[in-house]
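The values are calculated or read from the model by the stated rules, or taken from the named source; none is laboratory data. Quick caveat: nothing in here was measured; it's all calculated off a predicted structure. Positions of Cβ are backbone-derived with ideal geometry, glycine not excepted, and every protein chain shown enters the neighbour counts.
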There are 2 protein chains.
Amino acid sequence: MNKLDDARQDPQPRAADGVVAELESRILSGLLVDKQPLPSERELMEEFDISRTVVREAIATLSNRGLVESKPRFRPVVRKPDFDTIINATDTIIRNMLADPAGVLSLYESRIFIERGLVRQAATTATKEDISLLKQALEANKDAIDDSLEFFRTDLEFHRIFYDIGRNPIFPAIHKAYGSWLWPYWERMKRAPSRNERNYHAHKAIYDAILERDPDAAEQALASHLARAWEDVGLTMEVSVSLDRGASDD
Amino acid sequence: MNKLDDARQDPQPRAADGVVAELESRILSGLLVDKQPLPSERELMEEFDISRTVVREAIATLSNRGLVESKPRFRPVVRKPDFDTIINATDTIIRNMLADPAGVLSLYESRIFIERGLVRQAATTATKEDISLLKQALEANKDAIDDSLEFFRTDLEFHRIFYDIGRNPIFPAIHKAYGSWLWPYWERMKRAPSRNERNYHAHKAIYDAILERDPDAAEQALASHLARAWEDVGLTMEVSVSLDRGASDD
DNA sequence: AACTGAGTTTTGGTTCGACCAAACTAGGGC
DNA sequence: GCCCTAGTTTGGTCGAACCAAAACTCAGTT
């Protein structure tokens, strides 16, 4: 019976732990209101009868837990956690992992995986409004073919819609994450209207497939679109990668 | 031009930031070896010419970033980050969010989404070994029908295989996460051999579909299996939820 | 009355020095 | 060679103090 991670038998709890727990519950219960500043460190040390050291440690922990936002010299601000909070918490870790090109690939592959599922779902369940949004995005896309920067923006926006169609607050958070993590690799890619045009057509293919309620076609269009986009980035990496992993074993 | 999150123009960097950056690079570069203890706080304060307070803050930050593991009274241990690290970092946040039943649902839905994709992929790309593993798991599953605890374990194991078939280190980490987060809700579910039997047959249906290389059937079997499992949990929540969201709009 | 700006108070960031208890180490007794 | 004890190292906590930036106060200007 492995216990996964919860092997935490506190041998000697830190003083800050109690404070963290208390503040945590106050935030979650709404006693400490969202967007409102935390009490000052000196107040807290009096209330909990602990040293400022411990107060600061507790606040730091809360900050890393995403329950408060603390800019260097400002009063920390209470923040009720949401899925975005998670992304922020993982941000640094992911960035470290992205030092390794293989990490980038893993991440990008996961994005393809997610979006394949999303377009399938879109093809099946997209509402009229969803489709209308896609159409708009597609046209904005088309209009921006000659403006690579703008195209990049509308490109992202087009994909984002699928994450909304997921109808789950987790997906938009994931999209935002992919954006901020994968973005840099795209930014240093040379721009070319011809490439924009190709991508526009890829988007259109996806859109058309969704219009026809054809999940397989939509997924296929999406997959080849993203595979091609990966080639465009041309991430220089020793690992020889092919994005269709059908044949790879082990 | 929204900037997502990177609006960090340090107005007043913390003293610890530099130390964190330096130690971070030492860990990533391997200068500080994985699994090996960090230098003592006193050593670090001499080397960087800072107070122990700052050293401790830096270490705390590294700990939250997942680059070191620090148990209360022990020397922090260097840890090269992997995808598991991320899960650990998000753990507390997620747990907080899971206080809200709607959060649990979102999470569970995302699991369904992921696994639908995974079984589809398995149906297309599973190797002989994969299928052999599935078969084994399935049989272990069958043998445990009368032992609810064991069945639970083999159940998890059966599903885990799909995450491995994803051929991306991200997926196993996700599976582990789902396990630790969703687990509690399943543990308090009453056990019944009849239910185990039903789940076993559901698993078999998935397995059969994969054998026949039929992604749609596999996905369908998986989806209804997990939807049913959700009902079993019978999470008491005011939100009236139906897991097939085909009709729901907005 | 609203706005501005200088002066005061508050507060977060950092240092220093000290103390304690637990972890580590070394030495001595069996 | 093993175990127990004494001494040392080290992480956890405290408290007092200082600095600079933020927040606040309030008189003075328009």
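Say whether the condition of being among the acidic types (Asp, Glu), at the interface with chain B (Cβ under 10 Å from one of its Cβ atoms) and assigned to a helix (DSSP H, G or I) is met by at least one residue in segment A:34-51. Explain how you work it out, then say what you get.
Restricting attention to segment A:34-51, the residues satisfying the condition of being among the acidic types (Asp, Glu) are A:34, A:41, A:43, A:46-47, A:49.
Applying the additional criterion that residues be at the interface with chain B (Cβ under 10 Å from one of its Cβ atoms) yields none.
Within segment A:34-51, not a single residue is among the acidic types (Asp, Glu), at the interface with chain B (Cβ under 10 Å from one of its Cβ atoms) and assigned to a helix (DSSP H, G or I).
Of the residues A:162, A:158, which single one is within 14 Å of the chain's Cα centre (by Cα), at pLDDT 95 or above and hydrophobic (A, V, I, L, M, F, W, C)?
A:162
Taking the condition touching a residue at least 60 places away in the same chain (Cβ under 8 Å) and either of a type in the set (Ser, Thr, Tyr) or under 30 Å from residue A:96 (Cα atoms) (or both), does residue A:184 pass? Spell out how you get there, then give the answer.
Working: touching a residue at least 60 places away in the same chain (Cβ under 8 Å): no; either of a type in the set (Ser, Thr, Tyr) or under 30 Å from residue A:96 (Cα atoms) (or both): yes.
For residue A:184, the condition - touching a residue at least 60 places away in the same chain (Cβ under 8 Å) and either of a type in the set (Ser, Thr, Tyr) or under 30 Å from residue A:96 (Cα atoms) (or both) - is not met.
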Looking only at residues that are without any contact (Cβ under 8 Å) to a residue 24 or more places away in the chain and within 7 Å of another protein chain (Cβ to nearest Cβ) in segment A:54-75, which one is farthest from DNA strand C (Cβ to nearest atom)? A:66
Candidate set: segment B:56-81, residues that are in a helix (DSSP H, G or I) and among the β-branched types (Val, Ile, Thr); chosen: the one nearest to DNA strand D (Cβ to nearest atom): B:59
Which numbered condition residue A:101 fails, given (1) under 18 Å from residue A:173 (Cβ atoms); (2) touching a residue at least 60 places away in the same chain (Cβ under 8 Å): (1)
Name the residue, out of A:164, A:146, that is more than 9 Å from chain B (Cβ to nearest Cβ), touching a helix residue (DSSP H, G or I) at 6+ places or on another chain (Cβ under 8 Å), over 30 Å from residue B:220 (Cβ atoms) and acidic (Asp, Glu). A:146
Within segment B:88-119, restricting attention to residues that are more than 8 Å from chain A (Cβ to nearest Cβ), under 23 Å from residue A:25 (Cβ atoms) and surrounded by 19 or more Cβ atoms within 10 Å (Cβ to Cβ), which residue is modelled with the highest pLDDT? B:104
What are the residues in segment A:25-78 that are charged (D, E, K, R) and in contact with a Leu (Cβ under 6 Å, 6 or more places away or on another chain), if any? A:26
Please tell me if residue A:95 is assigned to a helix (DSSP H, G or I) and among the basic types (Lys, Arg). yes
Give me a count of the residues in segment A:20-55 that are more than 10 Å from DNA strand D (Cβ to nearest atom), surrounded by 15 or more Cβ atoms within 10 Å (Cβ to Cβ) and within 21 Å of residue B:59 (Cα to Cα). 1
